[in-house]
Amino acid sequence: MRFLLFSFIALLLAPAAFAGGAVEVEKHDWDFQGLPKEWDKDQLYRGYAVATQVCMTCHGMKYINHRQLMDVGFTEAEVKAMAAELNMSINDKLVSGLEPEDAKELYGKEVPDLSLINKARAGLADYTYAVLVGYSEDPDEIHHALPDGVPEGAYYNRAFPGHAIAMPSPLTGPDLVEYHDETEASIEQMAKDVTYFLQWTAEPELLERKKLGVYVLLYLLIFTVLAYLTKRAIWRDVH
Amino acid sequence: MANIPPKKVEEDIIRQPYRWLEDRLPIISFIDNAVGRGYLAPKNLNYLWNFGSLAGIALVIQILTGLFLAMHYKADVNLAFDSVQHIMRDVQGGWLIRNLHMVGASFFFIVVYAHIARGLYYGSYKKPREVLWWFGIVIFLIMMATAFLGYVLPWGQMSFWGATVITNLLSVIPFIGDDVVIWLWGGYSVGDPTLTRFYALHFLLPFVIVGLVVIHIWALHMHGSNNPTGIDLKKKSEAIPFHPYYTIKDVFGLGVYLIPFCFMVFYLPEALGHTDNYIPADPMVTPAHIVPEWYFLPFYAILRAIPIKELGVVAMFGSILILFILPWLDRSPVRSARYRPWFRQMVYIFIASVFALGYLGSQPPEGIYVIMSQFFTAVYFGFFLLLPLVAKLETPKPLPKEIT
């Protein structure tokens, strides 16, 4: 009976783990998964370039300013130069020049802030990447997903729930931005880099959290073993 | 008048500080009798009995982390969401405190559900522990209210819409329902007054729980802990002092508890939450699926299983309130399911139905999910309704003479 109960529970929980997501997005191995020691400064810089030169045309990242980049390996001089390039001080939040009212007129809806986007959508970072590379103009594919055609003012996107997204493809072609390193700015590369950057904006504490977790768990493991041995010693005369 | 012999009072605070204090306020012996050497517990308690003290620790973790969050949180619809991000990004160790509080809420429920299931399985609710059981249910109810209120505070989409859906349930109260809901909101929709009062109540209720826990333990001490055999202790040798035996066992249990807890805090802090709650609350945009926190899902499934809203609400609240009369529904003189073959199977089926309802509560209320929810709702209530009959018809196994 007990076995039956637990297999029953397992059976119920298995689909629950996948529940909720409207569209399945492909999973990728991201550098911030696992236990990296620090953020990849080059990739952050590349992602920053895409974020500020492409995304920030319309989107803001209101919890982020240039000074925070100093926490992930940028020097003060670098950060100042980067901010100056955008006519900002290093304490200015990364907000778009596009006013919210104008955005609403342009796209028919508010443009979401991107700081937390990797935490705010089912699929997380994989979803952000999937949307960025999910545009297609292939008529067969579009017809298959949206038999009634793409609604007015919307664009077809494979990863977006419902497949009709208000945002036009932001990564229209390769080399939209010029990278500081030798990396080739393909659409996939830009999507990957900006997703990486947006992971940092969503969870700047991520790597510190994972690092601290190792020590906490090691401590607890030792603590628990010692507690168990103590318990056995104290209980020896009872059994 | 009879002569009262002069009581000898310890005067020397330096040499006899313990006795000096005991003569004035016997607080140390009080604690010792409550959870120390003075409290005798059955020697055969298994690890399921750890969940009581773990629940106490989980409560303390919530209160402590909550206190520090309260120092930085702002209960204002324009500031709340940002103030949570302020805690996550700018406050020293803020992300840790918040993750502990967030994951801590879920783990508190895991512990309490295990604690309730243990009480159910071993018949801990039976004579003479009915009042102890009652106070446990009251704690559970207030804990659910506290968790619900707390989930509203980050002011994300699920906060807002969860609050809207759940508070709206009270509109089914005859005649005054709509007015009650408006009174609760402090306006015509969930808004700033709602958030402010939810914050005030979320801060208050944990301390109400602390008071109720004291009463819960007080009631426990009247007849002592139940045990896996369910039989009363007959000899002194069957009991051992709580300290050091159960204190060290609870410390070990705490370690076992903290490992998965901290694993979640550091590696999967958002796994039990909903991504929509990182979208700021927007009264103009309804999320595709409004899903409560996982620990409410079984009750949410019962609510949605019944097509008539009023009856659904009654069934949902009834599914918990029915626990109050459990000691009278189950009239079997045998406590422990170990010696009750039918009851034992029923408890397993009941627990399975709670898991099934939990899963169904996370699914959209359509098609097969509704039918399955109705089936498992029937199983859930069927358990209680069959108890009087089972108590009569079942032949219990022979009980042991003493605990082993």
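FYI, it's all coordinate maths here, none of it is from the lab. Every value quoted in this text rests on a predicted model; they were computed, and no experiment measured them. Virtual Cβ from ideal backbone geometry, glycine too; neighbours counted across all protein chains shown.
Tilt of helix A:206-235 relative to the longest C-alpha principal axis of chain A, in degrees (0 to 90, nearest 10)?
Tilt relative to chain A: about 10 degrees.
Would you work out the Kirkwood radius for the range B:291-398? I mean one over the mean of 1/r across all pairs of different Cα atoms, in Å.
14.6
Hey, what did chain B get for relative contact order, percent, Cα under 8 Å, at least 6 apart?
So the answer I get is 22 percent.
On a 0 to 90° scale, report how tilted helix A:41-53 is relative to the longest principal axis of chain A, with both axes built from alpha carbons and the result rounded to the nearest 10.
40
For the range B:84-118 and the range A:54-72, what is the separation of their Cα centres, given in Å?
28
Could you go through the range B:348-354 in sequence order and give the Karplus-derived ³J(HN,Hα) for each residue, using 6.51 cos²θ - 1.76 cosθ + 1.60 with θ = phi - 60°, rounded to whole Hz, and x for Gly and Pro?
4, 5, 4, 5, 4, 5, 5
Output wanted: per-residue J couplings in Hz (rounded whole) for the range A:116-133, from phi through Karplus 6.51 cos²θ - 1.76 cosθ + 1.60, θ = phi - 60°, x for Gly and Pro.
With coefficients 6.51, -1.76 and 1.60, one gets 9, 4, 6, 9, 9, 10, 4, x, 6, 4, 4, 5, 3, 4, 4, 5, 5, 9 Hz.
Per-residue mean of other chain beta-carbon atoms within 10 angstrom of the beta-carbon, peptide B:350-360? If you can, show how the numbers build up before the last one.
On the way: counts 0, 3, 7, 1, 1, 9, 4, 1, 4, 8, 2.
Mean shielding count: 4.
Net charge within 12 Å of B:GLY162 by Cβ-Cβ distance, Lys/Arg positive one each and Asp/Glu negative one each, not counting B:GLY162 itself?
-2
Hey, can you grab everything whose amide H is under 5 Å from the amide H of A:ILE64? Only 5+ residues off in sequence or another chain; H modelled, so Pro and N-termini drop out.
A:LEU94
Explain nothing, just compute: Karplus ³J(HN,Hα) = 6.51 cos²θ - 1.76 cosθ + 1.60, θ = phi - 60°, for every residue of the range B:80-88 in order, whole Hz, x for Gly and Pro.
4, 4, 5, 5, 5, 5, 4, 5, 5
What shape does chain B take by its C-alpha gyration tensor, where a ≥ b ≥ c are the square roots of the eigenvalues and a/c under 1.5 counts as rounded, a/b above b/c as prolate, and the rest as oblate?
Details: a/c = 1.97, a/b = 1.25, b/c = 1.57.
Cα axes put chain B in the oblate bin.
Averaged over peptide A:119-125, how many Cβ atoms belonging to another chain are found within 10 Å of each residue's Cβ? Mind dumping the intermediate values first?
On the way: counts 7, 9, 4, 4, 1, 2, 0.
Per residue, the number of nearby Cβ atoms from other chains is 4 on average.
Considering every residue in A:58-67, what mean count of other chain Cβ atoms within 10 Å of its Cβ is obtained?
1
When the helix-only estimate is applied to chain B (DSSP H runs of n ≥ 4, each -39,500 (n - 2.57), divided by the residue count), what is the mean residue ellipticity at 222 nm, nearest 500 deg cm²/dmol?
Mean residue ellipticity at 222 nm (helix-derived): -20500 deg cm²/dmol.
Distance cut-off 20 Å, Cα to Cα: go down the list B:LYS43/B:LYS392; A:LYS62/B:LYS74; B:LYS127/B:LYS249; A:LYS37/A:LYS62 and report the pairs above it.
Those over the limit are B:LYS43/B:LYS392; B:LYS127/B:LYS249; A:LYS37/A:LYS62.
Tell me which GluC sites (Glu not before Pro) from the range B:1-54 have a DSSP coil assignment and no more than 10 other beta carbons within 10 Å of their own.
B:GLU11
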